[in-house]
Amino acid sequence: MATYIVLLGPPGVGKGTQARILSETKKLAHISSGDLFRENIKNQTELGKVVKSYLDKGELVPDDVTIAMIRDRLSRPDCEAGAILDGFPRTPAQAEALEAMLKDFKGSVDAVPYITAAENVLIERASGRWTCKANGHIYHEKFNPPKQAGICDIDGSEVYQREDDKAETVSKRIHVYLEQTMPLVDHYRKAGKLVEVDGTLAVDQVTKTLFDKLKK
Ligand code: AP5
Ligand code: MG
């Protein structure tokens with residue numbers, strides 16, 4: 001049966017960083033809703049035009065648009081063994097839609113690592129983040145700088161600062177998270193799927209806690 005892991009946590013906590021490691025180790029597709037939106041914006045697709053203003057403002061894209069995009073992504077062949085979902089679901093309606101679509105793929109949400117850190121940590125991480133243009137590889141000017149300034153270690157493309165990583169937009173995203181995504185913590189806790197992970201520590205220590213807890 002396919003394995004589906006949902007990474008939950010506030011903006012900048014390290015979901016994308018840990019999702020990449022999990023996906024490589026477990027050989028599961030990494031699906032980041034934010035990366036998919038940014039790719040569509042970069043390629044100026046119809047979807048990109050619809051979602052750009054939401055991302056720029058730090059608001060959530062409407063559920064129907066987001067759900068349709070994820071359904072399409074999950075039905076691709078590289079998701080046959082399952083996926084690491086990073087940034088989806090983010091509302092109760094998205095969680096409900098996910099359960100329904102996974103039934104079609106004969107699966108369900110297996111575990112929900114919930115990564116947390118204090119607000120000042122989130123702002124420091126987001127405001128120092130550098131993202132690679134070609135494939136979204138993630139760096140931080142202080143905690144994980146690329147070997148050569150401005151260039152991605154993995155694919156040699158340029159790194160850039162995300163438009164929504166300005167301090168005021170990060171604060172807005174945290175607010176939106178508390179209001180619209182926090183109910184999912186309770187939802188998955190009640191379902192016995194929540195795996196709480198302290199995201200304050202260094203990347204490798206967070207990874208270790210995550211893997212140790214997932215084994216249990
Ligand atoms: P999205 O791209 O998902 O952004 P986010 O959830 O706000 O999360 P981030 O990507 O900012 O942070 P992250 O947790 O992945 O942290 P990262 O690993 O990069 O969404 C963007 C927008 O798209 C939304 O605002 C919304 O408009 C739209 N959207 C997306 N999904 C949607 C949905 N489901 N429904 C509706 N709209 C949706 O790490 C951050 C930084 O910290 C990096 O620099 C990294 O190097 C560093 N770092 C990571 N871990 C550590 C560590 N342990 N120690 C030190 N530094 C660390
Ligand atoms: Mg991310």
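The values are calculated or read from the model by the stated rules, or taken from the named source; none is laboratory data. Just so we're clear, the structure is a prediction, and the values are computed from it rather than from any experiment. Cβ sites come from the backbone with ideal geometry, for glycine too, and all protein chains shown count toward neighbours. For the accessible areas, the whole protein counts, side chains as well, though only heavy atoms, and no ligand, DNA or RNA atoms are used. Shrake-Rupley method; radii C 1.70, N 1.55, O 1.52, S 1.80 Å.
Quick notes on this one:
- Assigned charges on the beta-carbon of Lys, Arg, Asp, Glu; the chain dipole about Cα centre (debye): 360
- Average accessible area per residue (Å²) across region 67-150 - probe 1.4 Å, nucleic acids and ligands excluded: 49
- Over all distinct Cα-Cα pairs of region 90-216, the Kirkwood formula returns a hydrodynamic radius of 16.8 Å.
- Sequence-distant residues sharing a close amide H with I151 (under 5 Å, placed H): V159
- Label-point separation in nm, R162 to V65, each point 7 Å along Cα→Cβ: 1.7
- Computed over every Cα-Cα pair of region 105-178 and binned at 5 Å starting from 0, the pair-distance distribution P(r) comes out as 3, 15, 20, 18, 15, 14, 10, 5, 1, 0 percent.
- Share, in percent, of DSSP beta bridges within region 113-216 that are antiparallel, nearest 5: 65
- For the chain, the normalised intensity computed at q = 0.09, 0.17, 0.18 Å⁻¹ comes to -0.33, -1.35, -1.55 (log10 of I(q)/I(0), Debye sum over alpha carbons, equal scatterers, no solvent).
- Amide H contacts under 5 Å for W130, placed H, 5+ residues apart: Y139, H140, E141
- Residue by residue, region 84-92 carries 3J(HN,Hα) couplings of 9, 9, 10, x, 9, x, 10, 9, x Hz when phi is fed to the Karplus relation 6.51 cos²θ - 1.76 cosθ + 1.60 (θ = phi - 60°); x denotes Gly or Pro.
- Label-point separation in nm, A2 to I151, each point 7 Å along Cα→Cβ: 3.9
- Per residue, the chain reaches -14000 deg cm²/dmol at 222 nm when only DSSP H runs of four or more residues are counted, each adding -39500 (n - 2.57).
- Computed packing ranks the peptides 86-94, 178-186 as 86-94, 178-186, most packed first, by mean other Cβ atoms within 10 Å.
- Carbon plus sulfur fraction of accessible area for region 120-216, probe 1.4 Å, in percent: 54
- Per-residue 3J(HN,Hα) values for region 201-207, derived from phi via the Karplus relation 6.51 cos²θ - 1.76 cosθ + 1.60 with θ = phi - 60°, read 6, 5, 3, 5, 6, 5, 4 Hz in sequence order (x marks Gly and Pro).
- Listed residue pairs exceeding 21 Å between alpha carbons, taken from K193/K216; K193/K213; K147/K208: K147/K208
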